[in-house]
1. What percent does the relative contact order of region 183-267 come to when contacts are Cα pairs within less than 8 Å and at least six residues apart?
2. Rank-order 452-460, 344-352 by packing density, defined as the average count of other C-beta atoms within 10 Å over each peptide's residues, highest first.
3. Taking 0.36 nm per residue of separation and subtracting the Cα-Cα distance, what length does fully extending residue 129 through residue 216 add?
4. Can you sort 238, 190, 167 so the residue with the fewest Cβ neighbours within 10 Å comes first?
5. Among 311, 52, 229, rank each residue by its count of other Cβ atoms within 10 Å, from fewest to most, as a rough exposure measure.
6. At R0 = 60 Å, how high is the FRET efficiency between residue 370 and residue 207 if r is their beta carbon distance? Nearest 0.05 is fine.
7. I'd like to compare 429-442, 275-288: which one has the highest average count of other Cβ atoms within 10 Å, and what's the full order after that?
8. Taking every pair of alpha-carbon atoms in region 36-106, what share in percent sits in each 10 Å bin, from 0 to the bin with the longest distance?
């Protein structure tokens with residue numbers, strides 16, 4: 001019986017799985033760190049697939065960028081990285097006449113070399129038009145699938161190209177090149193430092209319309225491209241300047257306030273510049289003083305109170321309708337020193353417009369002569385200037401009114417009408433659909449963020465500590481939970497990047513102990 005049972009069990013057993021067949025013979029690549037220009041070019045020219053780029057080329061070139069081959073030498077980390085960049089630049093190797101097909105095939109490797117040259121050649125004769133032209137070619141011909149694998153290096157390329165274009169006084173060339181680079185290497189809703197470089201190119205070349213290409217985005221991913229804190233500050237600062245230059249002061253104020261309210265351990269020069277410009281843009285948009293979000297760092301608000309008081313005074317007097325006081329404050333040298341004289345001049349020009357808007361709330365119709373009288377004698381406006389200003393406001397849509405000619409220009413009648421938007425129009429319908437889409441995306445992102453926050457051990461530990469101490473003391477505050485006062489929001493959010501200057505940007509955001517001058521735009 002035992003034998004019968006055994007034979008029956010054996011007969012129903014699953015046959016052994018066969019061994020997998022050996023993979024087809026192919027060239028096997030291993031990532032080795034090249035230390036000579038010839039080895040680097042050989043590794044790059046061997047590019048034959050996206051797999052090679054991802055698993056061999058990038059793992060072999062990135063350690064060189066980090067200075068790993070020089071770790072045995074008694075040098076500081078930055079010095080080792082500098083030597084790595086110099087090695088990667090492959091000085092003496094000329095490949096600028098490379099065919100377009102090879103530029104596309106070897107895109108990732110060439111991005112490493114060209115970005116290294118843009119950094120290492122700055123003080124040499126090789127920092128020239130030939131390098132700029134090839135960098136522009138690379139931005140236009142690069143393989144998108146390869147460029148998406150090296151977002152941080154792409155940021156270096158963008159800033160390096162812009163700085164070389166500035167050096168050669170050819171920034172206008174950089175704008176279309178960087179726009180092409182964005183199209184090939186940046187994913188929608190992913191923040192990258194390339195956007196900041198692109199906006200800076202638009203500002204320097206005064207190509208403000210082109211700057212709209214990277215505005216009005218909803219960034220849901222901020223880690224993949226490894227942007228620095230300074231990249232984020234620079235983007236929102238420059239975005240605000242672009243909108244201000246286009247006279248969209250409401251949107252400009254929103255961008256500036258976003259920069260001001262970013263979590264930080266110390267107020268930076270850019271944040272102070274944004275705060276000053278937010279105050280002016282709010283005056284131009286609504287005629288009122290700006291109110292910064294409650295979660296704005298106390299360090300920033302203290303800096304604003306200390307270094308931007310003249311801006312606060314101007315906004316206060318403007319809101320009170322004291323045009324004479326506004327004009328006196330506008331004469332102070334602070335505005336020109338901060339490169340904000342242009343915005344202040346717009347504020348002065350807007351006094352009459354703001355007064356007309358206020359009168360519109362009281363009167364439905366009046367003659368031009370009455371309008372001149374009620375605008376105020378201190379404005380020194382005439383019938384001709386008021387008529388011209390009204391025409392501009394009607395044309396731009398700032399006010400809805402009809403001017404009925406009289407026997408003389410002074411007796412012409414202005415009839416103010418209600419400007420009610422047509423919510424049934426195609427524009428309104430499309431806008432509503434877009435807003436609904438954004439709202440649904442944000443709802444999903446907030447739900448996911450809430451889930452992740454609820455699963456965070458650090459967050460739960462912090463909340464438990466707050467409940468135990470009644471919010472009076474936090475871990476790390478000192479013995480017994482007493483000591484410094486900590487802002488919950490600032491503690492939870494990332495603090496300002498203190499790792500050093502952003503690669504390519506060249507300078508760090510300055511703290512309260514340094515120069516508070518703005519970016520110079």
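Where a number appears in this text, it was derived from the coordinates with a stated rule and is not lab data. Since the structure is predicted, the reported quantities are computational estimates derived from the model, not experimental observations. Using ideal geometry, Cβ is built from the backbone for each residue, glycine included, and neighbour counts are taken over all protein chains shown.
1. Here the relative contact order equals 31 percent.
2. Details: 452-460: 10.7, 344-352: 18.0.
Listed from highest to lowest mean packing, they are 344-352, 452-460.
3. Values: separation 87, 0.36 × 87 = 31.32 nm, distance 3.38 nm.
Once the chain is fully extended between residue 129 and residue 216, it gains 27.9 nm.
4. By the 10 Å Cβ count, ascending: 167, 190, 238.
5. Numbers: 311 27, 52 16, 229 20.
Taking fewest neighbouring Cβ atoms as first place, the list is 52, 229, 311.
6. On the way: r = 44 Å, r/R0 = 0.73.
Taking R0 as 60 Å, the efficiency between residue 370 and residue 207 is 0.85.
7. Details: 429-442: 10.9, 275-288: 23.1.
Order by mean packing, descending: 275-288, 429-442.
8. Percent of Cα pairs in each bin: 19, 44, 30, 8, 0.
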